[in-house]
Amino acid sequence: MTTTYTPGPLLEAARTTPTALWNDSSDLSELKQSIAFGGVGATCNPVIAYSTIKKHLDVWRPRIEAIAAANPTWGESQIGWQAVRDMSVEAAALLKPIFDEHNGRNGRLSVQTDPRFHRDAKALADQAVEFHGLADNIVVKIPATKVGIEAIEDATYRGVSINVTVSFSVPQAVQAGEAIERGLVRREAEGHDVSRMGPVVTLMVGRIDDWLKHVVARDKLFVDPSALEWAGVAAIKR
């Protein structure tokens with residue numbers, strides 16, 4: 001695939017700074033535009049997939065009907081997750097040239113595990129392994145909860161590149177990083193290659209901002225609005 005890049009501040013930032021631009025969508029048209037701006041990654045989860053399906057009903061209605069027809073015993077959840085898988089595979093294919101160019105450092109699609117498994121570490125790890133098998137450049141989201149930390153180590157040991165999510169504090173990030181390291185060490189000790197794995201820990205600074213804005217509005221607090229834009233950064237720096 002030949003990419004035609006779009007000059008501008010995003011492309012300049014991507015090329016001249018350590019910034020790695022990710023697209024918070026797996027909509028193929030949006031992802032193509034993001035790549036043209038210098039984007040090197042993207043995300044897919046049920047909410048994002050639903051938004052894409054609603055936006056492109058002409059494309060996805062027949063595809064979902066075909067999934068349902070091919071799997072007559074499946075319920076809505078199973079059909080929906082298959083749509084997520086299909087969407088993820090297609091988005092990952094768009095990013096694969098970037099993945100190859102950067103030797104796995106960039107060009108990944110991040111796919112979220114099912115939040116209904118939040119109490120089951122084995123189910124999270126098993127689904128992570130399944131998603132990992134969808135494409136070479138998949139990275140799988142697992143939350144930095146007590147159960148999630150266990151799943152992160154297990155999935156890493158089994159060869160999955162993890163994107164730690166639901167991570168709002170330095171202690172969470174440290175524990176997640178330690179779990180990843182334990183998984184990598186165990187994997188290497190058994191002679192498995194880890195050179196192409198690309199685990200990351202995401203500190204969700206913006207989500208802290210979002211929550212504080214909600215609290216300010218809910219409790220009718222008087223706060224300088226500009227302070228809220230930096231609240232997450234301030235909290236993480238502490």
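Read-outs: derived from the displayed coordinates by stated rules, not from any lab. Fair warning: this is a prediction, and the values are worked out from it, not measured in the lab. Please note: Cβ atoms are built from the backbone with ideal geometry, for glycine as well, and neighbour counts cover all protein chains shown.
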Quiz item: Taking a ≥ b ≥ c as the square roots of the eigenvalues of the Cα gyration tensor of the range 1-101, is the shape rounded (a/c under 1.5), prolate (a/b larger than b/c) or oblate?
Solution: prolate
Quiz item: Hey, can you rank 15-22, 126-133 by average C-beta count inside 10 Å, highest first?
Solution: 126-133, 15-22
Quiz item: In terms of the Cα gyration tensor, with a ≥ b ≥ c the square roots of its eigenvalues, is the range 70-136 rounded because a/c is under 1.5, prolate because a/b exceeds b/c, or oblate?
Solution: oblate
Quiz item: For the chain, list the DSSP H helices whose alpha carbon atoms reach 20 Å or more along the long axis and whose average Kyte-Doolittle value is -1.0 or above?
Solution: 76-101, 170-189, 205-219
Quiz prompt | Amide proton proximity set for residue 108, modelled H, under 5 Å, gap of 5+ | solution = 42
Quiz item: Structure shown: which of 122/146; 141/213; 96/141; 32/54 lie over 22 Å apart, alpha-carbon to alpha-carbon?
Solution: 141/213
Practice problem: Could you please tell me the mean projected area of the C-alpha convex hull for the range 112-232, averaged over all directions and given in square nanometres to one decimal? | Solution: 8.6
Quiz item: How big is D, in µm² s⁻¹, for the range 9-204 by Stokes-Einstein at 10 °C and 1.306 mPa s if Rh is the Kirkwood radius over C-alpha pairs?
Solution: 92
Quiz item: To the nearest 0.05, what FRET efficiency results for residue 103 and residue 32 with a Förster distance of 30 Å applied to their C-beta separation?
Solution: 0.85
Self-check item: Burial order of peptide ranges 176-189, 216-229, 68-81 (average beta-carbon count within 10 Å, highest first)
Solution: 176-189, 68-81, 216-229
Self-check item: Distance between the range 69-101 and the range 142-170 - C-alpha centres, whole angstrom
Solution: 22
Quiz item: For residue 146 and residue 63 in one chain, what is 0.36 nm times their gap in residues minus the Cα-Cα distance, to one decimal in nm?
Solution: 26.2 nm
Quiz item: Under 5 Å between amide H atoms, partner at least 5 residues away or on a different chain: which partners does residue 141 have, H built in plane at 1.01 Å?
Solution: 111, 112, 113, 163
